[in-house]
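Student: Take this structure first; my questions come after.
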Amino acid sequence: MEAVDLLVLLDSQQFRRLRVIENLLRERKTVSTLYWGQRYRLLYLLGLAKKMSRGALDLPAQALLQQGLIVTGETPDQVRLTPKGEQQATQAYYQPQTRDTWTRLDLMAARQRILLAVQVTSQYAHETKRYYPLATDLATRQAVRRWFHQAKGQSLPGHLFVSLKTALEQLPEMVAEVVTALFTGYQQPGQTVDQLARKYQRTPWEIYLMQLDGLMQIAQDAQDQNHPLRSLLQSTWQSPVSRSAQQTLAAVGRGRSLEQIATARRIKPSTAREHLLEAAILMPVTAFPYDWILTPEIQHAFATALAGPIDSWQYSALPQALQERYAFFYFRLYAIWCDKRGVERA
Amino acid sequence: MLESLESSLEKVFGFQTFRSGQKAALSALEAGQDTLAVLPTGAGKTLIYQLYGYRHAGCVLIISPLLSLMNDQVDRMRVAGFRRSAAINSLTSYSERQEILQHLADYQFLFMSPEMLAQPQMLHRIKQLNLSLLVIDEAHCIVQWGPDFRPEYLLLGAIRTQLQQPLTLMLTATAGRSTREEIARQLRSTPTIVAESVDRPNIFLDVEQVADEPAKQVRLTQLVGQLQGPGVVYFSSKQQATETAIGLRQDTGVRVAAYHAGLDSEDRFKIQQQFMAGQLDVICATSAFGMGIDKDDVRYVIHYHLPADLESYAQEIGRAGRDGKPSIAILLYAAGDEQLPLFLGQANRPEADTIQRYYARPQAFSEEDAAIALLAFYRRHGISETAVINLFTRRERERNRALAQMLAYVREPHCLRHNWLQAFDEQSPAHDEQCCSPAGAPVDLAQLGLLATTRTAPTVVTGGWTAQLRRLF
Ligand SMILES: [Zn+2]
């Protein structure tokens, strides 16, 4: 990531922690990372750069600092845009249209599958028997092989062409160009992200976001019964909530207490609480049983004790008696609940 | 009674005749003799074990040090029709590895990295297989010493013993006499040697001495601007390859890309395919580049940095002119260039007293240090302190000898080809103006027919993205 890629992830009001952004990109899903990811409205970054090294944002952040585009907060890890930075951040940078849905798909797996499926179908359309397939992992190869075995036929190439065209037409012209140029197929090795970045004078990261946007659009379209990639991509749709957290949540739905759940599932009560927070953050407000856990009494207690904007709330600043009565879990859940309902201050 | 080698060749590959070296190697293997095949790049070394695997039941186990390229190798096997092929190395995901292990006995060709094979559980699994052939690919890695050095290669002798000395094929593109002896010694084998001449008469050899680094950049830019492509420029560092690619693109207008092991597999794939499809004129590469390349018309190979030894050099320039047409190998040298391979070689080499102190109190050292990690590796595999000290001493000597030989090539005043071939115990043809140009001697690129006559215009994509998408299907 380059400085400008980081710049557009920052805000002029809210101090944002670099480590949170880094952990989102690297898919380190702690509750704290998820909570702040939600607060920054950056959860779509989850797992987009799993191989990124620790501290990889430090250099771009330094560059922004030197150019006077950001300032640091209480710790050097917290940064905020300066007016000059805000002005630069609003300059043309691609905002993926589909990003709100990214956590609902295993986008990396879908990406691999679509790219290989396009290559395989393209070579098939031109009756090439021997060619080098894109290097992918075994799971992708098997999924594409199964799909192709069942989907192949005279009409497949034409059908796939029309479907891809329809998906890309819903996006800006340049995104359609980028996604197309990145495909590999018959007599088209495909451009690399760096090559396209040079061609369009954008950063590689921005090109990558464009590609993901295009692929997400394709995946969304592929939910249609008649889409040729439907069966290939079906298994890449996923709940953003981990299986384990889903199980805990289901048990709550059956009326169990956290302690009962923890004992039954042989997990620590603290883990059960983390599961619930994870689910609350990643699910729509209506899908989580806030009312069961946050009783009117708890709601009232926090509403009375808390003041100011959400991001300034601190558990340790609450009255001692309240802290003793309600664990951090309830405090955090209350904040999530407020956030999800668009309540920004107490 | 097995069918003849020629019948198998015809059946599997549709060829009538073997390329030189292939038949000799196969015949030796068929006679049950371990074989060291020293065959130049492009001679079709893989065909030897492919055909052997086809003719014999069981599994061909290929040990290869080139992690990042192993999957390419498997793809090439599949393209060639050998579908029961798989690779296991540290880049293989856990689930994929489990999947392969479950069906281990079903594979006809297994590629494995030395460190994977060195793991006791893995070795245990491999022992249960019916191995028809053990292949040590890039066998010169046993002897070479550099940043890519893999200590596990030194365990291969012991591993081979544990596997009950299976029939073994050692493959390398270049190995002089001492390298051949060392390979055989390390692998505890007395192989039949099949060697083809490394000479490539259509490659003009050129050494150019330049004043310093900036002068080298200028000369490189000039050469890339003048020479008929496609070409490859080799560097010792990823960063330099990347930066120079950017510079050359701006200064010469030719289509350039960098290629090194740091790129992800998708980018490597694309750049390789673009180069093969003629969409790139020049690749700025590290030694990671070349294996997957079946490109006959590479017209020049330039070395920006001094290679660590003549063997790597021979292998890399061997990528030029496979079509037999005039080509050139240029080595750019500035005084002091030998410092880089020296430094790279020393990077993770522990001193003798470090070795002694480590063996006395291993727990006092951190394995974060590459040199200590190396020692820990040997110690865990039961190699004694004395043996390790000897090993490093011998290796150091070998490396210095190799570098001195490389420098002797650079400083050769009369005939580079003579110098080069002598290092491989070969006779050279008489020098003429089509042969070489040592440092200081002028080289007439026009006379040699190596100047660019046509510049390929960049491929113009017509019709926008819809048309491009249409062309895919
Ligand atoms: Zn000569």
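The values are calculated or read from the model by the stated rules, or taken from the named source; none is laboratory data. The structure displayed is predicted, hence computed values, not measured ones. Neighbour counts run over all protein chains shown; Cβ positions are idealised from the backbone, glycine included. Accessible surface areas use protein heavy atoms only, side chains included; no ligands, DNA or RNA. Shrake-Rupley method; radii C 1.70, N 1.55, O 1.52, S 1.80 Å.
Student: Which residues, counting only those in the stretch A:178-206, are at the interface with chain B (Cβ under 9 Å from one of its Cβ atoms), without any contact (Cβ under 8 Å) to a residue 12 or more places away in the chain and outside any loop (DSSP other than H, G, I, E, B)?
Tutor: Once the filter is applied, which keeps residues that are at the interface with chain B (Cβ under 9 Å from one of its Cβ atoms), without any contact (Cβ under 8 Å) to a residue 12 or more places away in the chain and outside any loop (DSSP other than H, G, I, E, B), the stretch A:178-206 yields A:Asp194, A:Gln195, A:Arg198.
Student: For residues that are under 21 Å from A:His159 (Cα atoms) and among the hydroxyl-bearing types (Ser, Thr, Tyr), scanning just the stretch A:103-146, find the one that is nearest to the other protein chains (Cβ to nearest Cβ).
Tutor: A:Ser122
Student: While we're on this one: Where in the stretch A:92-174 are the helices (runs of 4 or more DSSP H), entirely inside, with at least 2 residues that are closer than 29 Å to A:Leu6 by Cβ and open to solvent by 20 Å² or more (accessible area, probe 1.4 Å)?
Tutor: A:107-125
Student: Here's another thing I want to ask about it. Looking at B:Glu433, B:Glu412, B:Glu367, B:Glu426, which one is open to solvent by 80 Å² or more (accessible area, probe 1.4 Å), of a type outside the set (A, V, I, L, M, F, W, C) and within 16 Å of the ligand (Cβ to nearest atom)?
Tutor: B:Glu433
Student: Can I ask one more? Name the pairs: first residue in the stretch B:42-57 and at negative phi, second residue of a type in the set (Val, Ile, Thr) and modelled with pLDDT under 95, Cβ to Cβ under 6 Å, at least 6 apart or on different chains?
Tutor: As it stands, the answer is B:Tyr54/B:Val12, since those pairs meet every condition given.
Student: Let me ask you something else. Filter the stretch B:1-53 for residues that are more than 22 Å from the chain's Cα centre (by Cα), acidic (Asp, Glu) and either at pLDDT below 90 or not in a helix (DSSP H, G or I) (or both) and give the result.
Tutor: Within the stretch B:1-53, B:Glu3 is the sole residue that qualifies.
Student: I'm trying to understand the selection: among the residues of the stretch A:16-42, which are of a type in the set (Val, Ile, Thr) and open to solvent by 10 Å² or more (accessible area, probe 1.4 Å)?
Tutor: Answer for the stretch A:16-42, where residues must be of a type in the set (Val, Ile, Thr) and open to solvent by 10 Å² or more (accessible area, probe 1.4 Å): A:Thr30, A:Val31.
Student: Still on this structure, please answer the following. Where residues in the stretch B:436-470 are open to solvent by less than 80 Å² (accessible area, probe 1.4 Å) and within 13 Å of chain A (Cβ to nearest Cβ), which of them is modelled with the lowest pLDDT?
Tutor: Only one residue fits best here, namely B:Gly463.
Student: Counting just the residues of the stretch A:60-90 that are modelled with pLDDT of 95 or more and assigned to a loop (DSSP other than H, G, I, E, B), which one comes out most open to solvent (accessible area, probe 1.4 Å)?
Tutor: Once the filter is applied, the top-ranked residue is A:Gln67.
Student: Continuing with the same structure: Restricting to the stretch B:178-193, name every residue that is open to solvent by 10 Å² or more (accessible area, probe 1.4 Å) and either within 15 Å of the ligand (Cβ to nearest atom) or not in a helix (DSSP H, G or I) (or both).
Tutor: B:Arg188, B:Ser189, B:Thr190, B:Pro191, B:Thr192, B:Ile193
Student: Just a yes or no: is a residue in the stretch B:388-405 more than 9 Å from the ligand (Cβ to nearest atom), buried (at least 20 other Cβ atoms within 10 Å of the Cβ), among the charged types (D, E, K, R) and within 21 Å of the chain's Cα centre (by Cα)?
Tutor: Yes, that holds for at least one residue.
Student: Which residues, taken from the stretch A:308-346, are in a helix (DSSP H, G or I), surrounded by 15 or more Cβ atoms within 10 Å (Cβ to Cβ) and over 30 Å from the mean Cα position of the chain (by Cα)?
Tutor: Scanning the stretch A:308-346 gives A:Leu322, A:Gln323.
Student: Given the conditions (1) without any contact (Cβ under 8 Å) to a residue 60 or more places away in the chain; (2) over 23 Å from B:Pro214 (Cα atoms); (3) not in a helix (DSSP H, G or I), which single one is not true for B:Gly278?
Tutor: Result: B:Gly278 fails condition (1) only.
Student: Can I ask one more? How about the stretch A:211-305: which helices (runs of 4 or more DSSP H) wholly inside it have at least 2 residues that are without any contact (Cβ under 8 Å) to a residue 40 or more places away in the chain?
Tutor: By residue number, A:243-253, A:258-265, A:269-282, A:296-305.
Student: Would you check which residues across the stretch B:261-285 are more than 13 Å from chain A (Cβ to nearest Cβ) and modelled with pLDDT under 90 and list them?
Tutor: B:Ala261
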